[in-house]
Each structure stands twice: as C-alpha cells, then as structure tokens.
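First the structure, in the form of structure tokens, and then the observations on it.
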Amino acid sequence: MNILEEFVRIFHHEPDLIAKAPGRVNVIGEHIDFSDGFVLPFAIHDYTTVAMRKREDSIIRVLSHQRPGQIFETSIPELNPSGKGDWERYALGVLWAMQISSGVDLFIDGQVPLGAGLSSSAALECSIAVAVNDLFTQGHTLQALARITQRAENEYVGMPCGIMDQSVSLMAQEGYALLLDTRDLSTQQIPIDLASNGLELLVIDTQVHHALVDGGYAERRADCEAVAKKFGVKALRDISMPDLLARKNELTANEFVRATHGISEMVRVHQAVAALEENNFVTLGQIISASHTSLRDDYTVSCPELNVAVDEAMIQGALGARMIGGGFGGSAIALIHSKESDRTISAIAQAFEKNGYKKPRFFTSLPSAGASVIQRVGL
Ligand code: ADP
Ligand code: MG
C-alpha cells in the first residue's frame, strides 16, 4: 500500500509528512526496565508508518489500516487521560502528551504484528511522536520523546509499561543492539553480528494471548516495587542477590521470587554484553536460556505454548531460547544456526500441531534502524 495515496483517498488532501518507527525484540533483560535495570533490545525490520497533516482547527481524525472502519474523530479539548476507548488511545495519548497546538489528520499503517510481544504499541507511539516533533517543531531529543511516549502509554492508555520499547524504537541503529540503562536512559550501541557467525534470531509468534491473566503485568511490577520499598531503595537495581537472600523472611513468597527474577536478570544482561564483546554466542545462548527458566519459574509469566516453542527450539540445536515481552503468550526468540532454520521452524510447527495449539508464525530479523521522518510532502 502507498500510504501517501491512501491518506489522500481518506482525507482528500495530502499529508504534510510521513514517519516510521520499528518494533523490537529484546535479546536479554526482561521485565526489569521498570526496576532501573539494563536491557539489550534491538529494533526489528518491521515498522509502523504514519502520515500526518496539521489542521487549522482543533479537530483530530485518526484511522488505522489495521483497524478498518470509521475514522475516529475527536478534538484537542476532548483529549482526556481518564476516558475510555480502544486502539485509538495509543495515538491520542501521544498527541495529548505532546500538547499539540492544533488538530491533525492521521493515518497509520503498521507492519509489526499486533500484540505479539514485538511492541507494535511503541512502534505506533514513536512513529506519531517523531511526526509531531517534526511537524510542530517541538525540538525534543530522542530521550525526551521516549519519556513522552512512555507517559502516553502509562497515563492515557493505562498500561504501566517501562521505557525500553519506546527507547529502542527511537534510538536503535542498524547492526547494533541498544544497551539501555533505564535509570538514566544512557545508551551504548553493542554490535551484534549474527549473520557472519552463521546465526540468526528466530522469532516464534505463538499467536496466543491468555486474556485470563491480563493484570498480571501490573501485579508483578507492584511486587518488585514493594521489595524496593521494603529495602528502602529506589528500585531492584540497588539490591544485590546476597542482600535479597539475607532478608528473604521480610518478603512475601511472590515478592521474593519476582525480585529474584529481576535481580538475576540484571546480572545476565551484563554477562550477555561481555559474551557479545568476545563474540561468544555459545555463552550468549546459555544466558538467554537461563533467562527463560527465570521467567518461567520465578517470574511466572510464561505459558505452555511459549515453553513448547523454547523446548523444541533447543531440541533442534538452538544455542539458546526464551520467551520475550509481557508473557502469557506473544513471542519467543531462539538463537539458531541459519542453516537449521527450516528444520527448526517445521519442528516447532509440528510440536504445536501435536499439542493442539494455534498455528504459530515465524520470522527472523536483523538489527534495524530506529524511528525517522521518511518523507516531507510539500513542506
Ligand atoms: P505489542 O506492543 O506487543 O504489540 P500491546 O498490547 O502492547 O502489544 O499493543 C498492541 C495494541 O496496540 C493493539 O491491540 C492496538 O490497540 C494498538 N496498536 C498497535 N499498532 C496498531 C496499529 N497499526 N493500528 C491500530 N492499533 C494498533
Ligand atoms: Mg506493547
């Protein structure tokens, strides 16, 4: 689809500009972005594109190619963080957080699979943020845009996500993973040369989301925050594993296992960076697998489909595999030899069929570039 032509067809005039932002996979560092931890995601090649035009009045019109139907229409004074709604709140939240000074027409086309743990939400938010920043000459840095889009998702959508997804969608560079310190948002680009080592990262989208456990994210985050509070520190980042063990009896069972995941995962991120610096993908694989065990057994956010995907990938000779993203469904990643890709994919697909699971989707991606304005039309 040509987004410019589509915009003209819908709104009967040209957009001012077109911007895009990618989804992401997180190599290691799961569920610790809200605990001031380090995370190591990279941007995938799939992204969300938006076409935007500034209006003379305060009307806001939004349409997504992935949600065909009526154009959603509201206005700046009607933007309300405590209101109700659907997918359009991801877009409106960014417009609200950026305090746009006039209305806009907005058309969205996303290639990142929705709700698969690849952060289509951040791709959507960041594509809009980059477009608004340029069109309204707001001059925000990428770090500021990460905070703004996180605020949009936290306060307007009501999802208490950390800042990782937005940061990598905005700051990623092709061929690198982004080591992000979520405490101060400082970043370091870490080369991750899978291709010349005959490797690739396989993403297995289980296509399931266990709705029963929605709210599980907030509950676990609250446990981690409760532990930091009991220790009198800002976040889990400030607690070492020996400290945690020494004061285990002050914590509830859930607080203890969830903090165990958070603190051990922070250690694994640093081990992963060290492994990448040595080009040691065998060790990287082991660290990735250890992350899965921790997410499955301590943080308890995995599910049968994710475990089958991970176990089968390992049986087929993956160097490491783990669930990614929020959990209870979504995607897993497996670090595999490229030449084993077809065999691994069909073995996982067969294992899913045997268990009566939905048909999974598979894709691989190289570390790609972050958000940008890709076209200014008539400006
Ligand atoms: P993830 O970010 O892992 O894909 P989320 O549940 O955080 O999963 O975000 C998915 C939600 O974001 C969708 O259900 C939808 O409401 C919204 N969304 C993302 N991309 C689009 C899009 N292109 N069009 C409409 N809504 C979208
Ligand atoms: Mg999301």
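The values are calculated or read from the model by the stated rules, or taken from the named source; none is laboratory data. Nothing here was measured: the structure is a model prediction, and the numbers come from that model. Virtual Cβ from ideal backbone geometry, glycine too; neighbours counted across all protein chains shown. Surface areas here come from the heavy atoms of the whole protein model, side chains and all, with no ligands, DNA or RNA. Shrake-Rupley method; radii C 1.70, N 1.55, O 1.52, S 1.80 Å.
Some observations on this one:
- Within the stretch 43-70, the set of residues being hydrophobic (A, V, I, L, M, F, W, C) and in contact with a helix residue (DSSP H, G or I) (Cβ under 7 Å, 6 or more places away or on another chain) comprises Ala43, Val50, Ala51, Met52, Ile60, Val62, Leu63.
- Leading residue by the ranking (most open to solvent (accessible area, probe 1.4 Å)) among those in the stretch 88-119 that are in contact with a helix residue (DSSP H, G or I) (Cβ under 7 Å, 6 or more places away or on another chain) and assigned to a loop (DSSP other than H, G, I, E, B): Leu114
Conditions tested, residue by residue: (1) in contact with a strand residue (DSSP E or B) (Cβ under 7 Å, 6 or more places away or on another chain); (2) under 19 Å from Asp86 (Cβ atoms); (3) within 16 Å of ligand 2 (Cβ to nearest atom); (4) part of a loop (DSSP other than H, G, I, E, B).
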| residue | (1), (2), (3), (4) |
| --- | --- |
| Ser121 | no, yes, yes, no |
| Ser127 | yes, yes, yes, no |
| Ala152 | no, yes, yes, no |
| Ser167 | yes, no, yes, no |
| Ala177 | yes, no, no, no |
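- Restricting the stretch 356-374 to residues that are at pLDDT below 95 and outside any loop (DSSP other than H, G, I, E, B) leaves a set whose member that is surrounded by the fewest Cβ atoms within 10 Å (Cβ to Cβ) is Arg361.
- The lone criterion from (1) assigned to a strand (DSSP E or B); (2) of a type in the set (S, T, N, Q); (3) in contact with a helix residue (DSSP H, G or I) (Cβ under 8 Å, 6 or more places away or on another chain) left unmet by Gln188 is number (3).
- Taking first residues from the stretch 314-331 that are on the phi > 0 side of the Ramachandran plot and in contact (Cβ under 8 Å) with a residue 40 or more places away in the chain and partners that are away from ligand 2 (no atom under 15 Å from the Cβ) and aliphatic (A, V, I, L, M), the Cβ contacts under 7 Å between residues at least 6 apart in sequence or on separate chains come to Gly327/Leu295; Phe328/Val213; Gly329/Val208.
- Taking the numbered list (1) surrounded by 17 or more Cβ atoms within 10 Å (Cβ to Cβ); (2) assigned to a loop (DSSP other than H, G, I, E, B) in turn, Asn80 passes all entries but (1).
- Boolean, Val203 is under 14 Å from the mean Cα position of the chain (by Cα), of a type outside the set (Gly, Ala, Ser), surrounded by 20 or more Cβ atoms within 10 Å (Cβ to Cβ) and not assigned by TED's automatic domain parsing to the domain that holds Gly23: yes
- Residue in the stretch 152-173 that is more than 16 Å from ligand 1 (Cβ to nearest atom) and not basic (Lys, Arg) present: yes
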